[in-house]
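Worksheet: the structure to be examined is printed underneath.
The values are calculated or read from the model by the stated rules, or taken from the named source; none is laboratory data. These figures come from a predicted structure and were not determined experimentally. Cβ atoms come from the backbone with ideal geometry, glycine included; neighbour counts cover every protein chain shown.
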Amino acid sequence: MSSNEKLVEFRNVSFRYGAEQPWVLKNCSFEIDREEWVAIIGHNGSGKSTIAKLMNGLLFPQEGEIYVAGKKVQEDTIWDVRKDVGMVFQNPDNQFVGTTVQDDVAFGMENRGFPREEMLQRLDDVLHAVGMVDYRLTEPHRLSGGQKQRIAIASVLAVSPKVLILDEATAMLDPRGRRDIMQTVAHLQANKDVSLLTITHDLQEIVQADRVIVMNEGQVWDESHPRELFSKQDDLLAIGLDVPFIASLAKALKQTGIPITKEPLNHEELLEELWTLHSRT
Amino acid sequence: MNNAMVIGQYVPGNSVVHRLDPRTKITIIFIFVFVVFLANNVWSYTILTVFALLSMITSRVPLRFVLKGLTPVWFLIIFTFLLHVIITKEGDVVFEIFTFQVYSGGLIQGFAISMRFFLLILVTSLLTLTTTPIEITDAIESMLQPLKKVKFPVHELALMMSISLRFIPTLLQETDKISKAQASRGVDFRTGKLKDRIQAVVPLLVPLFVSAFKRAEELAMAMEARGYQGGEGRTKLRELKFTKLDVGIYILFIFVILGLFFTRN
Ligand SMILES: Nc1ncnc2c1ncn2[C@@H]1O[C@H](COP(=O)(O)OP(=O)(O)OP(=O)(O)O)[C@@H](O)[C@H]1O
Ligand SMILES: [Mg+2]
């Protein structure tokens, strides 16, 4: 396998849920590199979850091809592909299989026939990685939504996937749970050898990504760095996506004549722009 | 939510009885249930009672939990006792209530049968008091292994049981939430005619079923995404360990049974 090979490749993929139904994805092509963090955003029903399910063989495209780590995703490769693609879903409750935290984290490893010794080792590792070591024997109904999602991430990480997909994994959490998960994820991205695909319709959650893919009506509408994306506010609004407060504030400031050069992604960056303004002018 | 919500009656602990392999406990209780019917005199009953009481004491389960397990059957125990006292007319007349004569044979019979009941319930509830439901599931899976040869879905059955255990608290929480939501809209579950109350439960059941099906669907997908493809080639994190302790208990139990055979008539 050559090192510059893409980890995930979608080549002209089209998909619909049935012959009579409309196309959900229309001729989509994009790639994900090793250790890259890609975010997908788009309005409800734009086909984001469908992309995730296609990526690990829960669904198959009618047209085009999908490659994961050099393997084409098809009937006879799905079990290999699912080793490489880990997925965390939206509802924290409905993906928790085990009766306790440790049973749930072990579930994926058990399915793959890991020896018990190795399971125990990895269990420890991943619970550390998501900061949940003290909860090994806790039952799911005693965990908060955010904690359950962290366990879901740990469960997936335990089998060392090459790419981790979070499909609106924070959508059902409160703001604090959201921040928690995003921090956990950012930390993993920095420390582990794993690519990330975060699916969201909250633009706030894309600022840390290396690249953003914007989906609109089943097509790749745009691919860019979050910073560039924030400068296309009007277009984003037109396809039904809310722009974060900081971005609209920066835009308003620009309109009143304050020269902001770098599109700010968060409070700190905007503050930096503003207080260094005087020294530049 | 609330800490009182525990499935089953498990009382956590680290006693000898807790530490026994659940398979040992199930096997011994299974045999005990049969040998109880072999007891037929004071001595054989004494041996079984001592065994049951000693197990209870070594388990260190507080008495009130044991009694709570017995509550639903007290009635049955007393009823069988009275029944035998009334029906059996053997031996001497011990005393008379009004015109009704109580025979010694009836008292003995009644006492013996209720004792059997009592011992059976005591020992079986000791299993659920000292073993978590998931341990029992594991034990059943392990003990049913031979049935795999005749294509009995042992692994699937065990997985089904463990997923039910996992989701019972979740569904209870949800029932609670929905019933509060319905109550706040004026639905009354507690008063009124039976027909009205049954009608009031319908708007509770429908959303519950809908959500349970949605959960099942999503769970199946999540399991598949995590590489679940049946029991073939699967390993297990939880393991059952047969230790020296189990051997010891088996030997002890064999002596109990031998004692029973020597003492009975
Ligand atoms: N199982 C299914 N059967 C038929 N149509 C489906 C199915 N799942 C999704 N769809 C349709 O496919 C389209 C894309 O759905 P998808 O779940 O990929 O959207 P999404 O971008 O993830 O939306 P959301 O932000 O709401 O999660 C929608 O129009 C949806 O109605
Ligand atoms: Mg979706």
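Go through the residues of region A:210-217 one by one and say whether even a single one is touching a Leu at 6+ places or on another chain (Cβ under 8 Å) and either away from ligand 2 (no atom under 16 Å from the Cβ) or within 14 Å of another protein chain (Cβ to nearest Cβ) (or both). Yes: region A:210-217 contains one or more residues that are touching a Leu at 6+ places or on another chain (Cβ under 8 Å) and either away from ligand 2 (no atom under 16 Å from the Cβ) or within 14 Å of another protein chain (Cβ to nearest Cβ) (or both).
The residues on offer are B:207, B:169, and the sole one that is farther than 25 Å from residue A:100 by Cα and touching a helix residue (DSSP H, G or I) at 6+ places or on another chain (Cβ under 8 Å) is B:207. Residues of region A:98-119 that are more than 9 Å from every other protein chain (Cβ to nearest Cβ) and crowded, with 24+ Cβ neighbours inside 10 Å: A:101 alone. Screening B:200, B:181 for residues that are without any contact (Cβ under 8 Å) to a residue 12 or more places away in the chain, more than 14 Å from chain A (Cβ to nearest Cβ) and over 30 Å from residue B:44 (Cβ atoms) leaves exactly one candidate, B:181. When residue A:240 is tested against the conditions (1) small (Gly, Ala, Ser); (2) at pLDDT below 80; (3) more than 16 Å from ligand 1 (Cβ to nearest atom); (4) not in a helix (DSSP H, G or I), the lone failure is (3). The helices (runs of 4 or more DSSP H) located wholly in region A:6-117 that include 1 or more residues which are outside the structural domain of residue A:207 (by the TED database) and hydrophobic (A, V, I, L, M, F, W, C) occupy A:101-111.
Scanning region A:77-97 for residues that are more than 11 Å from residue A:159 (Cβ to Cβ) and either facing chain B (nearest Cβ under 7 Å) or in contact with a Pro (Cβ under 6 Å, 6 or more places away or on another chain) (or both) yields A:79, A:87, A:89, A:91, A:93, A:94, A:95, A:96, A:97.
Looking only at residues in region B:141-156 that are part of a helix (DSSP H, G or I) and surrounded by 15 or more Cβ atoms within 10 Å (Cβ to Cβ), the one that is nearest to the other protein chains (Cβ to nearest Cβ) is B:155.
Taking the conditions (1) of a type in the set (A, V, I, L, M); (2) outside any helix (DSSP H, G or I); (3) surrounded by 18 or more Cβ atoms within 10 Å (Cβ to Cβ) in turn, residue B:123 satisfies each one other than (2).
Which residue is farthest from the other protein chains (Cβ to nearest Cβ), if the candidates are limited to region A:120-142 and must be more than 22 Å from the chain's Cα centre (by Cα) and among the aliphatic types (A, V, I, L, M)? Let's see the steps before the verdict.
To start, the set of residues in region A:120-142 that are more than 22 Å from the chain's Cα centre (by Cα) comprises A:120-124, A:133-142.
Narrowing the set further to residues that are among the aliphatic types (A, V, I, L, M) leaves A:120, A:123, A:133, A:137.
On the way: A:120: 8, A:123: 8, A:133: 16, A:137: 11 Å.
Looking at residues that are more than 22 Å from the chain's Cα centre (by Cα) and among the aliphatic types (A, V, I, L, M), I get A:133.
Taking the criterion of being out of contact with any helix residue (DSSP H, G or I) (no Cβ under 6 Å at 6 or more places or on another chain) and within 11 Å of ligand 2 (Cβ to nearest atom), the residues of region A:42-90 that qualify are A:43, A:44, A:45, A:46, A:47, A:48, A:49, A:50, A:51, A:52, A:53, A:90.
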